[in-house]
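Worksheet: the structure to be examined is printed underneath.
The values are calculated or read from the model by the stated rules, or taken from the named source; none is laboratory data. This structure is a prediction, so every number in the text was calculated from the model and none was measured. Cβ: placed from backbone, ideal geometry, glycine included. Neighbour counts: every protein chain shown. With ligands, DNA and RNA removed, areas are computed over all heavy atoms of the protein, side chains included. Shrake-Rupley method; radii C 1.70, N 1.55, O 1.52, S 1.80 Å.
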Amino acid sequence: MPKVAVVTGAARGIGAATARRLATDGFTVVVADLDEAAGKDTVDAIVAAGGQAVAVACNVADEASVDAAFERVAAELGSVDVLVNNAGVLRDNLLFKMSVEDWDTVVSVHLRGAFLCSRAAQRYMVKQKSGKIVNTSSVSALGARGQANYSAAKMGIQGFTRTLAIELGPYGINVNAVAPGFIVTEMTDATAARVGVSPEDFRKAAADITPLRRVGEPADIANVVSFLVSENASFVTGQTIYVDGGRKL
Ligand code: NAI
């Protein structure tokens, strides 16, 4: 039986690239996103390339939705071997203009979402005494103007990762995080629009302040997730790996 990898927010961007990469690695991939239709393009791309994937509706911030999605995955595919907590949203604003709703939305999707999905996944992983969880932090965890909500959630993810590594390690479960720098997706294009510059100029400005002098592509993150869920990383746990072209230097 191929191993099963659940990737949240896999309809597009980094999640879609990660889903495609894990399918190439031999996993049956669950493309989890807000609705099943949204995940269709990712599933079609995986199947066209000879892989196996299924789209599952899952709002990561909603307990009932998460539990139902994982129950369905376990019933239909037999196990949950890998969880990639990738789903995310932005509601950027300076603190004095940030609404409670902006705060709650971002903290709910990133932090509550990672908590609910990890809690659901470990029910299966602990029983089988193996599993891999990869959470998604960000360079913004280190501080980013206009992102008090996002930065707090993304640094929270790092503490969450270390704690799960301690609690789940005895059951053979590795828990790590990736912290992407600037990656070209609809999320960064939307930020360009918000600050009033073209996506091209926004990317160039980011590349100019990055030691490797380029912005990242979704595949740059997918490659590291692929390593973290592989046996090559079997003694790596509790880590947050910055994948940022050296930007935080
Ligand atoms: P994106 O906006 O292109 O895609 C996010 C996906 O998450 C979408 O398919 C969306 O429908 C889904 N999603 C949103 N809320 C959800 C929910 N409640 N339940 C299930 N799915 C939901 O974003 P991108 O750029 O691909 O980002 C992926 C992850 O990487 C996010 O956690 C983001 O914070 C993080 N990240 C991205 C960076 C970048 O430069 N693009 C940099 C650092 C971190």
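For the chain, calculate the relative contact order in percent as a whole number, restricting contacts to Cα pairs under 8 Å that are 6 or more residues apart. Show your work: numbers first, answer last.
Numbers: 524 pairs, mean separation 46.8, N = 249.
Reported as a whole number, the value is 19 percent.
With all protein chains present and a 1.4 Å probe, how do Asp33, Asp201 order by accessible area, largest first? Mind dumping the intermediate values first?
Working: Asp33 30, Asp201 95 Å².
Ranking Asp33, Asp201 by accessible area, largest first, yields Asp201, Asp33.
Please check: in the Gaussian network model of the chain (C-alpha springs, under 10 Å), which one of Val139, Val126, Val54 has the largest mean-square fluctuation.
So, out of Val139, Val126, Val54, the one fluctuating most is Val126.
Where the accessible area of the chain is counted over protein heavy atoms with a 1.4 Å probe, how much of it, in %, is carbon and sulfur? Don't jump to the answer; show the numbers that get you there.
Numbers: 6380 of 11570 Å².
Ligands and nucleic acids excluded, carbon and sulfur give 55 percent.
Quote the FRET efficiency, to the nearest 0.05, computed for Val100 versus Gln239 with a Förster distance R0 of 45 Å and r equal to the Cβ-Cβ distance. Intermediate values should be presented prior to the final figure.
On the way: r = 33 Å, r/R0 = 0.74.
Plugging the Cβ-Cβ distance into 1/(1 + (r/R0)^6) gives 0.85.
Which of Ile209, Ile133, Ile46 moves most in a GNM of the chain, Cα contacts under 10 Å?
Ile209
Which entries in Lys204/Lys248; Lys154/Lys248; Lys129/Lys154; Lys154/Lys204; Lys129/Lys248; Lys3/Lys127 show an alpha-carbon gap greater than 26 Å? Don't jump to the answer; show the numbers that get you there.
Values: Lys204/Lys248 17 Å; Lys154/Lys248 15 Å; Lys129/Lys154 28 Å; Lys154/Lys204 24 Å; Lys129/Lys248 36 Å; Lys3/Lys127 15 Å.
Beyond 26 Å: Lys129/Lys154; Lys129/Lys248.
Taking the Cα centre as origin and putting +1 on Lys and Arg beta-carbons and -1 on Asp and Glu beta-carbons, what dipole magnitude results for the chain, to the nearest 20 debye? Write out the running numbers ahead of the final one.
Details: 24 positive and 26 negative charges, 146 e Å.
Dipole about the Cα centre, nearest 20: 700 debye.
Give the residue from Val195, Val178, Val229 lying farthest towards the positive end of the charge dipole for segment 146-249; charges sit on Cβ (+1 for Lys and Arg, -1 for Asp and Glu) and the dipole is referred to the Cα centre.
Of the options given, the answer is Val195.
For Cα pairs less than 8 Å apart in space and 6+ apart in sequence, what is the mean separation divided by the residue count of segment 130-176, i.e. the relative contact order in percent?
Working: 54 pairs, mean separation 22.0, N = 47.
So the answer I get is 47 percent.
Find out how many positive minus negative residues lie around Asn176, taking Lys and Arg as positive, Asp and Glu as negative, among other residues whose Cβ is under 12 Å from that of Asn176. Before the final figure, lay out the partial values.
Details: positive: Lys132, Arg162; negative: none.
So the environment of Asn176 carries a net charge of +2.
I want to make sure I understand the PRE zone here: with the label point 7 angstrom from the Cα of Arg213 toward its beta carbon, which residues in segment 226-248 have backbone N atoms less than 16 Å away?
Inside the label zone: 245-247.
With the other protein chains left in place, how much accessible area per residue, in square angstrom, belongs to the chain at a 1.4 angstrom probe?
On the way: 11570 Å² over 249 residues.
With all protein chains present, the chain gives 46 Å² per residue.
Enumerate the amide H contacts of Gln239 below 5 Å, restricted to partners 5 or more residues apart or on another chain; note that Pro and chain-start residues carry no placed amide H.
Ala177
Just to confirm the filter: which trypsin sites (Lys or Arg not before Pro) across segment 116-182 are DSSP coil and have at most 12 other Cβ within 10 angstrom of their Cβ? Present the calculation step by step, with values, prior to reporting the outcome.
On the way: sites: Arg119, Arg123, Lys127, Lys129, Lys132, Arg145, Lys154, Arg162; in loops: Lys129, Arg145.
Counting only loop positions with at most 12 other Cβ atoms within 10 Å, the trypsin sites (Lys or Arg not before Pro) in segment 116-182 are Lys129, Arg145.
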